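The values are calculated or read from the model by the stated rules, or taken from the named source; none is laboratory data. Predicted model, so just to flag it, every value in this text is computed and none were measured. Here the Cβ positions follow ideal geometry from the backbone for every residue, glycine too, while neighbour counts run over all protein chains shown.
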Amino acid sequence: MSATMLYRPGTSFLHRTDPRAKFLLILGVLVVALSTTRIDVLVVLTVLVVLALAVFARITPRSYGKALLLIIPLIVLLTLLQSLVQEGPALVTIGGLELSREGVLLGLGIGLRLFAMGICFYGFSVTTSPSDIALGLNRIGVPYRFAYLTSFAFRFLPLLQDEAQTLLTAMALRGSSENSTANPFRRGRALVRMVFPMLVGSIKRSGDIALSMELRGYALKGRRTYLRSLRFRPSDAVVVVVVVLVTAALVTLPLVTPDLLVEGTPS
């Protein structure tokens, strides 16, 4: 996924949207996703996020489909655990174990949460440059030092992914087939062997970055100037209004409509 988490310059509507409006968009998705486990509400939220990325950023599910497939085993595990823990009528019996209907639906609801939040964060990282993230955070009151560190995390992740790919290539050149085998245990062993060199490289890189920031005066106090500034346009205000209205509608939907499936909270 090294390429999927990199910012991709573009001219789409979401690329041109002010990062502060996109912060609110992420907050709205988190509020809705974490406020309910109702399947219908989470399905609507996921569909809206997918459609928004496709229409306003020209990002189709094909771009992030493989990454979402990696979440499916986690969703299956969560569903099994919740179906064993939650009480209620059995939906199916496997090997003498009764899987409750409420637990299965609750596990699927948690899985939809992960899908919606994952797609939203992916769209944000692809359509928002790290420099815009730092400027946006600083404009809403976050000290520049912490705003820059937050934006740098988006730059640091691709570096770690590229370093992991380099290590895997080096292992393959030395005759190791663990990174290309279909056996998950052997692939896991290859990942364990990568942990120490990646940790050492990350610590060294972090020290170099911290030193360069100090030499450039990032810790000094005073008013900062910027090469370019953010402008909150009317289209950004429209995004804010739409996000607030949609978020309010999805949050109140469980309160005014009956749940035909199940209502519950994770155990």
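In the range 135-161, how many are aliphatic (A, V, I, L, M) and either under 15 Å from the mean Cα position of the chain (by Cα) or under 24 Å from residue 58 (Cα atoms) (or both)? Residues meeting the conditions: 2.
Looking only at residues in the range 72-89 that are touching a Lys or Arg at 6+ places or on another chain (Cβ under 9 Å) and of a type in the set (S, T, N, Q), which one is modelled with the lowest pLDDT? The selected residue is 86. Note on the range 204-229: residues that are under 24 Å from the mean Cα position of the chain (by Cα) and among the aliphatic types (A, V, I, L, M) amount to 0.
Of the residues 115, 154, the single one that is modelled with pLDDT of 80 or more and either surrounded by 15 or more Cβ atoms within 10 Å (Cβ to Cβ) or touching a strand residue (DSSP E or B) at 6+ places or on another chain (Cβ under 8 Å) (or both) is 115. Being at pLDDT below 90 and either touching a Gly at 6+ places or on another chain (Cβ under 8 Å) or surrounded by fewer than 16 Cβ atoms within 10 Å (Cβ to Cβ) (or both) holds for only one residue in 69, 27, and it is 69. Selection over the range 104-156 of residues that are in a helix (DSSP H, G or I), farther than 21 Å from residue 45 by Cα and either of a type outside the set (Ser, Thr, Tyr) or without any contact (Cβ under 8 Å) to a residue 40 or more places away in the chain (or both) gives a count of 21. Against the condition loosely packed, with under 11 Cβ neighbours inside 10 Å, modelled with pLDDT under 70 and not small (Gly, Ala, Ser), how does residue 183 come out, does it pass? So residue 183 passes the test. Report whether or not residue 68 is of a type in the set (A, V, I, L, M, F, W, C) and either in a loop (DSSP other than H, G, I, E, B) or in contact with a Lys or Arg (Cβ under 8 Å, 6 or more places away or on another chain) (or both). Criteria not met by residue 68. Criterion applied to 52, 21, 33 was being modelled with pLDDT of 90 or more, over 16 Å from the mean Cα position of the chain (by Cα) and part of a helix (DSSP H, G or I), and the one residue passing it is 21.
Of all the numbered requirements in (1) farther than 30 Å from residue 198 by Cβ; (2) modelled with pLDDT of 85 or more; (3) of a type in the set (S, T, N, Q), residue 128 misses one, and that requirement is (1).
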